[in-house]
Amino acid sequence: MISIIKSTMKLLFRNVVFWIFLIFTPVLSTLVLRLEVENLGAYEVLGKEEIIEIGKTDEKVAYYGGKGRYVIKVYDASDSELSEYMLNSLSDSGMITVVRIKTPGMTIDQVEKEMHFNGYDDRMGAAIYLDKDFDEEMLNGDSKRAMSVYILSDDERSKILENEIKMFMGRIDMAKQMGGQSDIISVLDKMSESIPDKNVVLLDGKNNRNLTNAQLDQKALVGYAFAFMTLGFVFGGVLIAYTVINEQKNMVLTRVKLTQLTDSRYFAAKFICGAIVSFMITGVTSIAALSIDSDKLGMSRGGFFIMIFFLGLIFCSISLMVGILFADVMSATVSAFVIWVLSSLLSGLYFPLDSASKAIKSMSYMMPSKWFLDVTEMLMVKDSNVYFMILCITVAYLIVTLGLGSIGVKIKKNE
């Protein structure tokens, strides 16, 4: 068993590709962690909401619907103080995201032609057209000519939008009665001062960990770094699987059987090689990470090292298992690359999955990187259960990969 480990490691050290992955992926991951960025994480600034401005009528607004927000698209042909006040009121409600395009001279007929695009090719809750004479018509009580509201989804929150618009029209009527016909905005502002300020308080759910905005940015960077790290681990496992494939072709597995070395012990030797490779890549990453300040890293260096090592151990064993099962270098390489791509996409390494469908979220829990992103959060908030969670995740994946890998070696040996 020891001789198999030694021979496998010698073959790896002679392979130039191995050294490229050993040095390139850790350094690239460290460079990602060193980036100075803001607003990279999936968070929203609490407080006053702002109107989102767009420049083209055919620009899609579905991209602004994160966090389950109710998005409305506004064609503002008025661009007046009163229309600005109304849209700010809708935005400040806390649930509605207002996306506005200023359309001076655009008529209601032209807007209604846009409804096909809005209703079928885009995704939003509603669209609103504000007439060019919005102020005058609202003050005259002709709200039907002042604005047109188009409900474009079956979202129940459209009723909230309707109620907000009715409340706005009620404030207009009250302001007019208070003598604000000539300076309606000043009266509306005085009325708003009497409304209690909104104070948003975050409450922890059962499985929630509240991270600061800076920590969310750090977590996003760790996600990108994971994508490069796992590439090195995956192909490290493929290179070990390549030795298994060659040994099968050269009848080494047959000779192993004559030495009474069991299939499980043979695969265990290859797995130990994968553990050594994981340790080496983790070591290079940790050394490179010494150039990053501890505050910038967002977690303890010991926790960072342990997390990367066990993540690498899982990916090395998975790619080793896949390579043995396929018994072909090209198939193993393509399969490893597909595993890396799917794992990175479905784990939320590139973008958050908060607004993804239930099916996507369910699939994400099958990916190791998803669990280790949760581990990253636990390390950032210094959760005492983090190391037990790392152990449970690693054992669960290794039971599957070691079992299938041993079976694969036995099957290939008997072919």
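Figure legend. Inter-residue proximity from segment 296-309: first residues free of Cβ contacts under 8 Å to residues at least 60 places away in the same chain, second residues aliphatic (A, V, I, L, M) and buried (at least 18 other Cβ atoms within 10 Å of the Cβ), beta-carbon distance below 9 Å, spacing 6+ or different chains. Indicated pairs: R301/A289; F305/A289; F309/I281. Looking at I151, is it at pLDDT 85 or above, closer than 25 Å to G125 by Cβ, touching a helix residue (DSSP H, G or I) at 6+ places or on another chain (Cβ under 7 Å) and open to solvent by less than 100 Å² (accessible area, probe 1.4 Å)? Yes.
Condition check for G323 on (1) open to solvent by less than 30 Å² (accessible area, probe 1.4 Å); (2) at pLDDT below 80; (3) over 26 Å from L28 (Cα atoms): one failure, at (3). What number of residues within segment 1-36 satisfy the criterion of being aromatic (F, W, Y) and surrounded by 15 or more Cβ atoms within 10 Å (Cβ to Cβ)? Total satisfying the criteria: 2. Against the definition (open to solvent by 40 Å² or more (accessible area, probe 1.4 Å), at pLDDT below 90 and not acidic (D, E)), how does Y85 come out, yes or no? Judged against the criteria, Y85 is not a match. Scanning segment 88-103 for residues that are farther than 17 Å from E162 by Cβ, more than 28 Å from the chain's Cα centre (by Cα) and open to solvent by less than 30 Å² (accessible area, probe 1.4 Å) yields I101, T103. Among the candidates I72, I2, I51, the residue that is farther than 21 Å from A126 by Cα, of a type in the set (V, I, T) and modelled with pLDDT of 75 or more is uniquely I2.
Among the residues of segment 8-18, the ones that are without any contact (Cβ under 8 Å) to a residue 24 or more places away in the chain and assigned to a helix (DSSP H, G or I) come to 3 in all.
Close Cβ contacts (under 8 Å, 6 or more residues apart or on different chains) running from residues in segment 212-228 that are more than 14 Å from L35 (Cα to Cα) to residues that are in a helix (DSSP H, G or I) and open to solvent by 40 Å² or more (accessible area, probe 1.4 Å) comprise F228/L28. Candidates are the residues of segment 115-131 that are surrounded by fewer than 20 Cβ atoms within 10 Å (Cβ to Cβ) and of a type in the set (D, E, K, R); the one that is modelled with the lowest pLDDT is D121. Here segment 364-387 is the region considered, the condition is being within 23 Å of G274 (Cβ to Cβ) and open to solvent by 80 Å² or more (accessible area, probe 1.4 Å), and the residue that is modelled with the lowest pLDDT is M366. Among the residues of segment 91-109, those that are in contact (Cβ under 8 Å) with a residue 60 or more places away in the chain and within 21 Å of D122 (Cα to Cα) comprise M95, I96. Does segment 192-204 include one or more residues that are at pLDDT below 75, outside any loop (DSSP other than H, G, I, E, B), more than 30 Å from T333 (Cβ to Cβ) and open to solvent by less than 90 Å² (accessible area, probe 1.4 Å)? Within segment 192-204, one or more residues are at pLDDT below 75, outside any loop (DSSP other than H, G, I, E, B), more than 30 Å from T333 (Cβ to Cβ) and open to solvent by less than 90 Å² (accessible area, probe 1.4 Å).
The values are calculated or read from the model by the stated rules, or taken from the named source; none is laboratory data. Keep in mind it's a predicted model, so treat the numbers as computed, not measured. Virtual Cβ from ideal backbone geometry, glycine too; neighbours counted across all protein chains shown. Protein only, heavy atoms only, side chains kept; ligands, DNA and RNA dropped before computing areas. Shrake-Rupley method; radii C 1.70, N 1.55, O 1.52, S 1.80 Å.
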